[in-house]
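Presented below is the structure to which this report refers.
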Amino acid sequence: MTSSENDLTSWFDSKLDDLQKQIDKLGKGDAAGAAEPDATAVQTTSAPAVRTSTRPGRGTPTSEVGRNGSAVADDVHEARNAASALAAHRRPAPTATPRRRLDLGGGYQLGVDVGGTFTDLLLIEEATGQTFTAKVPSTPDDSSRGVLNGIERICAIAGIEPSAIGSVMHGTTVATNTVLTGSGARVGLVTTKGYKQTLQIARSYVPGGLGGWVIFNKTDPLAPLELTLEADERMGARGEIVDPLNEETLRRDLRKLQGEGIEAMTVSLLNAYTNGATEQRVRRVIEEMLPGIPVSISSEVVPEMYEYERTETTVVNSYIRPVVSKYIENLKSELDRRMNGVQLHILRSDGGLASAEAAKATPVNLLMSGPAGGVSGAIWMAKQAGFDQLLTFDMGGTSTDVALIQDGVAQTRRETRVADVTVRASSVDVRTVGAGGGSIAYVPELTRALRVGPQSAGAEPGPAAYGKGGGEPTVTDANVVLGYLPANARLGGDMKLDVEAAEAAVSRIAKAMDLPVKATAEGIINIVNENMFGALRLVSVEKGFDPRDFALIGFGGAGPLHANALGKLMNSWPVIIPPGPGVLCAYGDATTRVRDEASRTFVRRFDETSDAEVADELEGLMRQAAEALNAEGVPRNEQTTLYQIDLRYHGQGMQLTVDITPEEFAQGGLREVSRRFDAMHEQLFTFRLDAMHESYNLRALVQGRESSAKAHQLDHGTGDPSGAAYEQTGVYVDGREHTAKIFDRLSLKAGDRITGPAVVTEMDSTTMILNDHIGKVDEVGNILITPASH
Amino acid sequence: MPARVIQSNPTPFKKVDLDLITLDIIENAMRNARTEMDAVLFRTAMSPGIREQHDAFPMIANADGKMVVGQFGSFFHGFQQGYDGDIEEGDIFLTNDPYFCNGAISHLNDWLTMMPIYIDGRIVAWAAMFGHMTDIGGKVPGSLPTDAAQIFEEGIQIPPTKIYRNGELNEEILELILRNCRLPDWNRSDFNAIVAALRLAERRVVEMADRFGVDVLHNAMQEMLDRNKRAMQEILQMVIPEAPQYFEDFIDDDGLGMGPYKIACTMWREGKRVIFDFEGTDPQSISSVNFLLNEEMFKMFLGSFFINIFDPQILFNDGFYDLVDVRIPRGTILKPIRPAALSSRTHMLARIFDIMSGLLGQGSPDALCAAGFSDSPHFMYSGYDKEGEWYQLYQIGFGGVPGRPAGDGPDGHSLWPSFTNVPNEFLEAYFPLRIVRYETIADSGGPGLHRGGNGLSMGYQFLEPGEISIHDDRWLTHPWGVNGGQPGRRSNKLMIRRDGTQEWMESKCDRIKVEAGDTLYFNTWGGGGWGDPLKRDAERVALDTKRGLVTMDGAKRYGVVLNEDLSVDERATTGLRDRMATNRGEVKLFDTGGTMEDLKARCMADTHLEPPKQPIFQKWMQVRQPMKQAAE
């Protein structure tokens, strides 16, 4: 274990390493070894039994997608009504036969988070809610080995056989990493005649201000133009086939792609969001001409208007599909060896769960799987502490993710962004800023301003303090200089922080600014905090929420170091520091509620439709989603339904989503929907219009019951944490030196009160409590920081 | 008489010492506030021009009206000079009158709103936003009549007007204005969206003042301006030589068959000051292609160009204005006299960037960019559909960004910030149109070590009878190449009528009747090439060919010979490149594709259009003021 744990950069990078090695090793079927000797495990004592929830699961034959809106038959030529034709969209459709419900007595579910250094596991006994956690070293060469080690370990702790585990839930960064490292598949693309360059032209947008074109260099599309061909066909905007597909020319052109080493194919035809029939025909021809190559078609992946966004999303799906498929298959087969018939579920970007099959078919829905796990875990841990209005603050090595949680529910949005790739896929509404522990501070000669990031030192060479050859001053170095990251802290690492190197790096810019080293370091921290403050404002103030109504929960490798300062800026209290990042994600994975949704595009002005028509549509969608859950073993009486209507003023380009329960809709209908929309519009934009409302999407969300898991309870202490203090150190806060104690987090007891300034260390993170603040340890191990004056 | 500012609190702001960190934090906060203004506007506006294409620009200025964050520089100086009245708390001003604010906005479609931000009876800052309205009345749908002879034909003129007084909307004036517009719903909601963006800026400024103190905020804004001035001073010293540099470029015609019109500019430095003198520029036009160029806006263009080359992180603002002196003779096409028409100024406006490139690059050829997509060509289509409902589309086109020191120019992209295209599926869903082609034009980017971006070919098939307008340029003159790079291909417009007959359309025309089944190919131009095309990696040329961005014949302009399978024929390539290098003679800094005489002589053969005639300059237009207009 190394102190670099405190920096998500290295965590992230070694995770990439894992992945690469694992991919290299695919198919070798390396058997799991025994649990590593230094593995730690914690058995939790737990509250009495509550009744179980059933296990989620999803079968997903993709052929059923579109059965409600987009035509399935080849020869559908009929024109559709302009407004209602816009495609229906079902998320993965249910399997035909309901899955057997798990035995209430023997059911266990397992959450697994694979980090660069640790693999964290959380086991829940469904009948009682009792939880067990285990932490084992990750095995970067083949991460399934570490997972299996962990399973051995946690089963030994719980005293069960691995076969008692019914399902494994896993959040993964494999999809994200494939995009970030550019290691995806060689993708071919079929477009409509005249639209070959849809990705080349994109939206014609040049970033930067006036004159930004002088330095803008566009990256090549993920589906190279030389592997793109045009189908001779045309669909109209109302779903009518204007020109049928010319299969002959398509075959001729596809022949040219044979032997090009294509690993995945994409079909994205103009107006296919209104009618997927031609895309399906093209797919059949491709499957014939390029057998064995997975084909993603836009009318299934994202049946939405806007050809560039739909094409890009479908291409990204193709790009990551082979890598993600291999990863999931490998993990699944390793799990099957030990636990025959176990269900593997992957956490989706929107916080829902996908069956292994669904995840393999539409991996574009997994791009934010990792952060979604963190957010889910944060919601769950905060709930144990009694908070459900939250700002989540997940700070890593290169970037920081923030989200707003209202009433314990994460907002989602129809857009996912990874580096410069933006796709139309639902994800937890996480805003990312390029500010993290590895962000580099610099002083441009021309302005002599202090700038921090977005450039990052990454894992190699990393911050100067890591002694791996990095010389640039980073945020982590500033934390070291200020004493927030203690040099000789018991970080459990075999790597010491190099304080001198950190000081040398920071002093270089201190000279440029003519400031003392410590003042400069504090400046770096203040600037990076300000950048993250901007992101937090984006999800709160800028959406009309008052941050004082929210608690701030800080996690990730570097989050606990900065969370207290961000709490001060936002005036959001308490600042909650949950147990370490790995455990948190495992909690998130394991406690995610099974959920399904069905939606369709339904563009109607409110004066063109009626309450009854909309209610009919929504009920139809609800039935689809409910059946899907039913098929996965969640009985109707455990399901709850929420309707969502995306709407706008007729003429606007954006939509706002109004949530409404079936009962509320039955009572208030579209008038109530309009009222809520007007109120939201006014909250967000300061005005409402006397204009006609127009629906855009209808959606029914159906979810199963909440997880029965109970958090691990700490022993009660006396309130005095001094037993956990193991060292004294100096910290520099607000321009002055202070003495601070360093505490060992695992030795803290419930009820302990830590007076700042203080530093709390644990295996994979470090918490800074500022002066004039107090950190209280709650029953489940959260540290709740509030101003001393509160 | 200039405007009177009414402030109940006469206390001047205190001078306070600022620590650098606080300054940087306020700078960030300002930047965020500006981004937020955009976000609110784009989400709530209704016209595709603003909500999809983002033809709108926000700004926050200090108490004196100097732009602290924004894009097009401050409008306040011009406004305060032109407005004869009081400025009070709760006011929001609306104007679209270029002649009333010395060209701070440059045609009537741009609606400019301005709001003083008061805290405790003092103006602390100003917020402003302008956006392009799809229609403001006048003689043609879209309100951009190329053949307008006077501004009265171009729609309603709104001199600076208190559209909000004491926080209250003046509804009667707004209704009067909207009554004059063809799409009042769009104007109304776009106007609301703009005001919402101003209110947001106000909230942010007030929050900043609460957080840091009003004096700190005031001083920080001043320091941000000073910081920018220091940075620009170094850049200007470094890049602009004392010896005069001259450059000229053209717009091709005025839509009335006359042209080209010359823009001439001489640049030199006197110590710390830099002078740009437009002496030699042609007189104003009798059509609407005139561009009332605001001196300060020119400075902003200049600064943004430099900042992007030298330090894009600098927060860009007005701070350096004193260092630059811009002289534009009155009565020229860049300083026309009222009531000259102004609506179609887009060509001249964008061409200013080519002028700047040409001037600045002579001093430092490594920083020289080729001629780019210096225009926002317009396409307009309107009429009554089968249900008798009025439809009206205004769309901006895109083309080839030039080859630059940084690399190849992107194909079919924008030269302006924040602009995006309108998705074709959106067009087909909401307008009686089918877009039958949307691709870039192979070989249209000028060959160079860094290739110019390709122009874009957009095929509009009309599904209803209606009328269209086309506003474009660079059909006669080429987007020039630099440092050995060759010019990009020019624009053209080809109409294929339903019966198959072909018509080459004029580059600028209005009220062209179309029938269902007619198809217009709107082809924009490519960017000029940068650097020696014979030195471009032959494999890169082969790849461009495989991608359909360059043809096999086009590859020969790089001296690259390709085999049947599009692989490089090494021997033939070496041979061809040697021959070309020997035969071409001296490599010129600029390659304009021939003299104006040549271009005119070949015009009919090359473009299927008659060459433009020498403009007739009316006598009163030729009178030059003896005194130069300058910001002295």
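Among all the lysines, which ones have a C-alpha under 30 Å from residue B:139's C-alpha, if same-chain residues fewer than 8 places away are not counted?
Straight-line reach from residue B:139, under 30 Å: B:162, B:262, B:335, B:386, B:493, B:508, B:513, B:613, B:619.
Are there trypsin sites (Lys or Arg not before Pro) in segment A:642-683 that DSSP marks as loop and that have at most 16 other Cβ atoms within 10 Å, and which are they? List each step's numbers first, then the result.
Numbers: sites: A:648, A:671, A:675, A:676; in loops: none.
Here no trypsin sites (Lys or Arg not before Pro) fit, given the DSSP loop and packing criteria.
Counting DSSP beta bridges in chain B, what percent are antiparallel, to the nearest 5? Show your work: numbers first, answer last.
Working: 86 of 94 bridges.
Here the share of antiparallel DSSP bridges comes out near 90 percent.
Would you mind ranking B:369, B:603 by Cβ crowding within 10 Å, fewest neighbours first? Present the calculation step by step, with values, prior to reporting the outcome.
Details: B:369 31, B:603 17.
By the 10 Å Cβ count, ascending: B:603, B:369.
Can you give me the distance in nm between label points at residue A:183 and residue A:415, each placed 7 Å from the Cα along the Cα-to-Cβ direction?
A separation of 2.9 nm, rounded to one decimal place.
Using only atoms on other chains, find how many Cβ atoms lie within 10 Å of each Cβ of peptide B:486-495 and report the average. If you can, show how the numbers build up before the last one.
Numbers: counts 0, 0, 0, 0, 0, 0, 0, 0, 0, 0.
For peptide B:486-495, the averaged partner shielding equals 0.
Relative to the longest principal Cα axis of chain B, at what angle does helix B:184-212 sit, 0 to 90 degrees, rounded to 10?
Here the helix axis deviates by roughly 60 degrees.
Check each of the GluC sites (Glu not before Pro) in segment B:460-531 and keep only those in coil by DSSP with at most 14 other C-beta atoms within 10 angstrom; list them in order.
B:515
Among DSSP bridges having both ends in segment A:184-316, what percentage is antiparallel? Round to the nearest 5. Write down the numbers at each step before the final one.
Details: 2 of 13 bridges.
Once the DSSP bridges in segment A:184-316 are tallied, antiparallel ones form about 15 percent.
Between the helical axis of B:214-239 and the dominant principal axis of chain B, each derived from Cα atoms, what acute angle in degrees is found, rounded to the nearest 10?
Tilt relative to chain B: about 30 degrees.
So what is Rg over Rh here for segment A:184-316, counting just Cα atoms and using Kirkwood for Rh?
Numbers: Rg = 15.2 Å, Rh = 15.2 Å.
Dividing the radius of gyration by the Kirkwood radius yields 1.00.
If you take each beta carbon of peptide B:423-432 and count the beta carbons of other chains within 10 angstrom, what is the mean?
On the way: counts 8, 10, 13, 5, 1, 9, 10, 3, 1, 1.
That average works out to 6.
Using square roots of five times the C-alpha gyration tensor eigenvalues, list the equivalent-ellipsoid semi-axes of segment A:679-780 in whole Å, biggest first. Display every interim value, and only then the final one.
On the way: eigenvalues 407, 116, 26 Å².
Square roots of five times the eigenvalues give 45, 24, 11 Å.
Rg to Rh for segment B:1-114: what is it, with Cα atoms only and Rh by Kirkwood?
On the way: Rg = 16.3 Å, Rh = 16.2 Å.
Reported Rg/Rh, Kirkwood definition of Rh: 1.00.
What is the average number of partner chain Cβ atoms found within 10 Å of a Cβ in B:34-42?
Values: counts 1, 3, 5, 0, 0, 4, 5, 1, 2.
Mean number of neighbouring Cβ atoms from other chains: 2.
Cα atoms only, segment B:185-231: Rg and Dmax in Å?
Expressed in Å, the Cα Rg and Dmax of segment B:185-231 come to 15.4, 46.
Taking the alpha-carbon centroid of each part, what is the distance from segment A:558-579 to segment A:373-447 in angstrom?
Segment A:558-579 and segment A:373-447 have Cα centres separated by 14 Å.
Taking θ = phi - 60°, what integer Hz values does the Karplus form 6.51 cos²θ - 1.76 cosθ + 1.60 yield along segment A:255-266, in sequence order, with x for Gly and Pro?
After applying 6.51 cos²θ - 1.76 cosθ + 1.60, I find 4, 5, 7, 4, x, 8, x, 5, 10, 7, 10, 10 Hz.
How far, in nm, would the chain grow between residue A:608 and residue A:667 when pulled straight, counting 0.36 nm per residue and subtracting the alpha carbon separation? Display every interim value, and only then the final one.
Working: separation 59, 0.36 × 59 = 21.24 nm, distance 1.99 nm.
Here the segment from residue A:608 to residue A:667 would lengthen by 19.2 nm.
For labels at residue A:772 and residue A:255 in the simple 7 Å Cα→Cβ model, what's the distance in nm?
Distance between the two pseudo-spin positions: 7.9 nm.
Given a Förster distance of 56 Å, report the FRET efficiency between residue B:272 and residue A:637 from their Cβ-Cβ distance, rounded to the nearest 0.05. Could you put the intermediate results ahead of the total?
Details: r = 80 Å, r/R0 = 1.43.
After rounding, the FRET efficiency stands at 0.10.
Determine the percent antiparallel among the DSSP beta bridges restricted to the protein assembly as shown, to the nearest 5. Before the final figure, lay out the partial values.
Details: 180 of 221 bridges.
Approximately 80 percent, going by the DSSP bridge assignments.
Per Stokes-Einstein, at 37 °C and 0.692 mPa s, what whole-number D in µm² s⁻¹ belongs to segment B:27-76, with the Kirkwood radius over Cα pairs as the hydrodynamic radius? Walk me through the numbers on the way to the answer.
Numbers: Rh = 11.5 Å.
Diffusion coefficient, whole number: 284 µm²/s.
Based on the Kirkwood radius over alpha-carbon pairs, what is the Stokes-Einstein translational diffusion coefficient of chain B at 20 °C with 1.002 mPa s viscosity, in µm²/s? Please report the intermediate quantities before stating the final value.
Numbers: Rh = 25.6 Å.
It diffuses with D of about 84 µm²/s by this estimate.
Can you put A:693, B:608 in order of Cβ neighbours within 10 angstrom, beginning with the fewest?
Least crowded to most crowded, the residues run B:608, A:693.
Which of rounded, prolate, oblate describes segment B:106-237, given a ≥ b ≥ c as roots of the alpha-carbon gyration tensor eigenvalues and a/c under 1.5 marking rounded, otherwise prolate only if a/b is larger than b/c? If you can, show how the numbers build up before the last one.
Values: a/c = 3.19, a/b = 1.61, b/c = 1.98.
Oblate, since a/c reaches 1.5 and b/c is not below a/b.
Let me check the size of segment A:339-392 from its C-alpha atoms; what are the radius of gyration and Dmax in Å?
For segment A:339-392, the Cα-based Rg and Dmax read 13.5, 41 Å.
By the gyration tensor of its Cα atoms, with a ≥ b ≥ c the square roots of the eigenvalues, what is the shape of the protein assembly as shown: rounded for a/c under 1.5, prolate for a/b over b/c, or oblate?
Working: a/c = 1.63, a/b = 1.35, b/c = 1.21.
Because a/c hits 1.5 or more and a/b exceeds b/c, the protein assembly as shown counts as prolate.
Return one number: the angle in degrees, 0 to 90 and rounded to the nearest 10, between the long axis of the Cα atoms of helix B:570-583 and the longest principal axis of the Cα atoms of chain B.
For helix B:570-583, the angle is close to 70 degrees.
Express the Stokes-Einstein translational diffusion coefficient of segment A:596-703 in µm² s⁻¹, to the nearest whole number, given a Kirkwood radius over alpha-carbon pairs, 37 °C and a viscosity of 0.692 mPa s. If you can, show how the numbers build up before the last one.
Numbers: Rh = 14.3 Å.
The estimated diffusion coefficient comes to 230 µm²/s.
What order do you get for B:284-292, A:636-644, A:265-273, A:239-247 when each peptide is scored by the mean count of other beta carbon atoms within 10 Å, highest first?
On the way: B:284-292: 27.6, A:636-644: 15.9, A:265-273: 29.2, A:239-247: 17.8.
Highest to lowest by the protection proxy: A:265-273, B:284-292, A:239-247, A:636-644.
Give the distance, in whole Å, between the Cα centre of segment B:402-462 and the Cα centre of segment A:128-170.
So the two Cα centres are separated by 54 Å.
Any read-out appearing in this document is the output of simple, stated calculations on the displayed coordinates, not a laboratory observation. As the structure is a computational prediction, the values presented were derived from the model and not from experiment. Heads up, the Cβs are rebuilt from the backbone with ideal geometry, glycines too, and the neighbour counts pull from every protein chain shown.
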